[in-house]
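Since the structure comes first, as structure tokens, the remarks are kept for the end.
The values are calculated or read from the model by the stated rules, or taken from the named source; none is laboratory data. Since the structure is predicted, the reported quantities are computational estimates derived from the model, not experimental observations. Cβ coordinates were reconstructed from backbone atoms using ideal geometry, including for glycine residues, and neighbour counts include every protein chain displayed. These area figures cover heavy atoms from the full protein model, side chains too; ligands, DNA and RNA do not enter into them. Shrake-Rupley method; radii C 1.70, N 1.55, O 1.52, S 1.80 Å.
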Amino acid sequence: MPNTKGTSKPVTVKKRKVTMSSPTYWQEACSELMKQDRILRKLIPKYGEGILGSRGDAFTTLARSIVGQQISVAAAQSVWNRTLETLGHEVTPAQVLKTKQDALRASGLSMRKVEYIRDLADHFHHGRLQTDQWAKMDDEALIKELSSIRGIGRWTAEMFLIFNLMRPNVLP
């Protein structure tokens, strides 16, 4: 597995600066894409300040993915914000499991999504995932493991590989 830490860039998030690191392959990937595609050849220099950065801890990334399934980005953000409030801004497996299903439903989640997020929390809480091995696992093995969680299919697992683990050469 290639080292995914690379160049850092300061980013302002809610009036505070944080540093996001792009993966080591980022510049090489941009160069290769510009060589291979005439449209990207124009777009990458125009928007060259953009970098790929991890989206946070694994549990939160996957929970957010479930919340956002099958709804618009704006609706997903609204439901996520209400879910955060319901959870007391503590997005952990234990907090999800101790929060009543009705409270999660009241935040805008469908019953099915409540079931999915609780199954995700249960997998993390009871150690049924090999999270300490994820960095070393190949893509297919990790997709298989993530797909064992209700509500997470191949596409969501591949998006996780890209936006959480910053894996190269994943094309959902």
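The table below gives the values:
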quantity: For Leu43, net neighbour charge (Lys/Arg +1, Asp/Glu -1) across residues whose Cβ lies under 15 Å away; calculated: +2
quantity: Pairs of Cα atoms farther than 20 Å apart, the chain, %; calculated: 58 percent
quantity: Straight-distance crosslink candidates among aspartates and glutamates, where the alpha carbon sits under 16 Å from Lys100 and sequence neighbours closer than 8 are dropped; calculated: Glu85, Glu90, Glu115, Asp119, Asp122
quantity: Taking segment 22-172 and dividing mean pair separation by its residue count, relative contact order in percent (alpha carbons under 8 Å, at least six apart); calculated: 25 percent
quantity: Charge sum, other residues only, whose C-beta stays under 13 Å from Pro93's C-beta, Lys/Arg counted +1 and Asp/Glu -1; calculated: -1
quantity: Contour minus Cα-Cα distance for Thr92 and Arg105 (0.36 nm per residue); calculated: 2.9 nm
quantity: Computed label-point distance, nm, for sites Arg38 and Leu171 using a 7 Å Cα→Cβ extension; calculated: 2.0 nm
quantity: Spin-label pair Ala135/Arg112, simplified geometry with 7 Å Cα→Cβ offset, distance in nm; calculated: 3.6 nm
quantity: Accessible surface of the chain [probe 1.4 Å, protein heavy atoms]: carbon and sulfur percent; calculated: 53 percent
quantity: Inter-site label distance for Ala74 and Glu28 at 7 Å from Cα along Cβ, in nm; calculated: 4.2 nm
quantity: Per residue solvent-accessible surface (Å²) - segment 58-172, probe of 1.4 Å; calculated: 52 Å²
